[in-house]
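To keep things clear, I will list the structure first and then write my remarks on it.
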Amino acid sequence: MIKRVTTPAGDPAWLVTDYDLVKTLLADRRLGRAHPDPDNAPKFSDSVLLGKPHKATEEEENERHTWMRRMLAPSFSARNMEQLRPGVRHLVDTLLDELVEQPQPADFHEAVSFKLPVLVICELLGVPYEDRETFRRWSEAMSTLNDPRKSQDGFTNMWTYMGELVERKKKEPGDDVISRLIEGTPPGQEEVIAQLSAGLLFAGHETTVAVIDRGVMLLSLNPDQWDALSKNPSTIPDAVEEILRHPSPISTRSEDSGMPRYAMSDIGIDGVHIPSGDLVLLGVLQANRDETRFPSPETFTPRETNPHLTFGHGPRFCIGAPLARVELTEVFTAVVTRFETFGLAVDVSQLTPRKELLVGGVAQLPVRWTVA
Ligand code: HEM
């Protein structure tokens, strides 16, 4: 089904929500992120990240995207990410050691969910961890949906910071992704590398933070699943896929939302004519609850097959999915094996949703536990 909706920025768009259609369209190159006439394009939001599109033709966009994947994908391959697992496990243990030192209830969001992805992505990119509070502010500002000035300032600051870091790494390369990007790119491309790196720093932590928090909420609300996992931790990878699929108990998104794409030419979707330049929202959250694919979609239960679209699909499939999966399985394995009881210290209705942010999530996550 395809229907007309209004975006958070107040512009018209088409929304697609059926699983098969969303999946097909995610892989359709005729839907892109660029627009031939950005000034007159319908906007998704007032954020720089998913706001006004950039100017490019279908060919230009595909060329740039293919180059970006060629540059980044090898560094984030499943095999490389698997090698990070012991280090991630150690980090999770350290963060949980610090958590249990705190008086209860303690904020799991601040102590674990936020820290782990930032530590890991900083290490991979070669970004100094001491600067995390600074880029945390910029990263949140960038993803603000309702304040274009704040979003633009966050982006400019992040880009400038990355530009300076790229210059430093040109002089003193390290064993990290940014140094490898510099090595594999002809001189004069520093701005592009800075932009790619800023994107990675953002993509590499905000999303994962929100999913870790979501997992804690879902396991707290489903104690039977918690018991099943602690008895049989080998099923944690299936539980992680279900955490990825299941919507957050705290909804931060309108049901009329989705991943924005622009028709790069006139196309037909489900018998409807979509003129070139129109905005199409791909409803991944709705597709993940499509009953034809996920029986009893509102039930949180590890599934035999779980072909959710949370990491996208097709040529733009998330480059960081193997990394996110390593982080998520390590966090939840540690939590269910280490604690006898563990869960939210307040009712979910008392949690503060971060509605103004693109990735949503919660501001704090107070938890209580007992140790086995
Ligand atoms: C649970 C955590 C994550 C979720 C839910 C997530 C989700 C997504 C989704 C849905 C896309 C596709 C966007 C589209 O089709 O327009 C995507 C792309 C991307 N993600 Fe992730 N992501 C996560 C973690 C990460 C991490 C850890 C990294 C960093 C290493 C990362 C890097 C990227 C990059 C570079 C792309 C762009 C791929 C492209 O355009 O070809 N993501 N992510």
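The values are calculated or read from the model by the stated rules, or taken from the named source; none is laboratory data. Please read these numbers as outputs of a predicted model, since none were measured by experiment. All Cβ positions, even for glycine, are placed from backbone atoms using ideal geometry, and neighbour counts span all protein chains on display.
For the reader, a short list of remarks on this structure follows.
- When we screen 191, 183, 242 for residues that are surrounded by fewer than 19 Cβ atoms within 10 Å (Cβ to Cβ), more than 29 Å from residue 152 (Cβ to Cβ) and of a type in the set (Asp, Glu), the only hit is 183.
- Residues being outside any loop (DSSP other than H, G, I, E, B) and under 18 Å from the mean Cα position of the chain (by Cα) - total across region 240-265: 9
- Index of the failed condition, residue 143 passing every other in (1) under 20 Å from residue 47 (Cβ atoms); (2) away from the ligand (no atom under 15 Å from the Cβ): (2)
- Considering only residues in region 183-228 that are touching a residue at least 60 places away in the same chain (Cβ under 8 Å) and outside any helix (DSSP H, G or I), the one that is farthest from the ligand (Cβ to nearest atom) turns out to be 222.
Here's the yes/no breakdown for (1) over 20 Å from the mean Cα position of the chain (by Cα); (2) in a helix (DSSP H, G or I):
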site	(1), (2)
42	yes, no
46	no, no
68	no, yes
74	no, yes
79	yes, yes
86	yes, yes
92	no, yes
120	no, yes
131	yes, yes
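- For region 60-75, the criterion of being surrounded by 16 or more Cβ atoms within 10 Å (Cβ to Cβ), among the hydrophobic types (A, V, I, L, M, F, W, C), under 23 Å from residue 337 (Cα atoms) and within 16 Å of the ligand (Cβ to nearest atom) is satisfied by no residue at all.
- Residue satisfying condition, being touching a residue at least 40 places away in the same chain (Cβ under 8 Å), more than 16 Å from the ligand (Cβ to nearest atom), out of contact with any helix residue (DSSP H, G or I) (no Cβ under 9 Å at 6 or more places or on another chain) and not in a helix (DSSP H, G or I), within set 13, 9: 9
- For region 291-310, the tally of residues that are free of Cβ contacts under 8 Å to residues at least 12 places away in the same chain and closer than 30 Å to residue 74 by Cβ stands at 1.
- Residues that are closer than 24 Å to residue 2 by Cβ, touching a helix residue (DSSP H, G or I) at 6+ places or on another chain (Cβ under 6 Å) and within 16 Å of the ligand (Cβ to nearest atom), drawn from region 285-306: 287, 288
- Of all residues in region 271-307, those satisfying the criterion of being more than 24 Å from residue 242 (Cα to Cα), more than 22 Å from the chain's Cα centre (by Cα) and surrounded by 14 or more Cβ atoms within 10 Å (Cβ to Cβ) are 274, 276, 277, 278.
- Subset tally (residues that are part of a helix (DSSP H, G or I) and either within 16 Å of the ligand (Cβ to nearest atom) or of a type in the set (Ser, Thr, Tyr) (or both)) for region 333-342: 2
- Selected residue [in contact with a strand residue (DSSP E or B) (Cβ under 9 Å, 6 or more places away or on another chain) and either surrounded by 18 or more Cβ atoms within 10 Å (Cβ to Cβ) or of a type outside the set (D, E, K, R) (or both)] from 156, 160, 144: 144
- Among the numbered conditions (1) out of contact with any Phe, Trp or Tyr (no Cβ under 8 Å at 6 or more places or on another chain); (2) surrounded by fewer than 19 Cβ atoms within 10 Å (Cβ to Cβ), the only one that residue 100 does not meet is (1).
- Among the residues of region 229-239, the ones that are of a type outside the set (S, T, N, Q) and either part of a strand (DSSP E or B) or without any contact (Cβ under 8 Å) to a residue 60 or more places away in the chain (or both) come to 1 in all.
- Which listed residue is at pLDDT 85 or above, within 16 Å of the ligand (Cβ to nearest atom) and either touching a strand residue (DSSP E or B) at 6+ places or on another chain (Cβ under 8 Å) or not aliphatic (A, V, I, L, M) (or both), from 103, 128, 117: 117
- Close contacts from region 311-332, counting a first residue that is more than 7 Å from the ligand (Cβ to nearest atom) and a second that is basic (Lys, Arg) and at pLDDT 95 or above, with Cβ to Cβ under 7 Å and a gap of 6+ residues or different chains, come to 313/23; 326/85; 330/85; 330/89.
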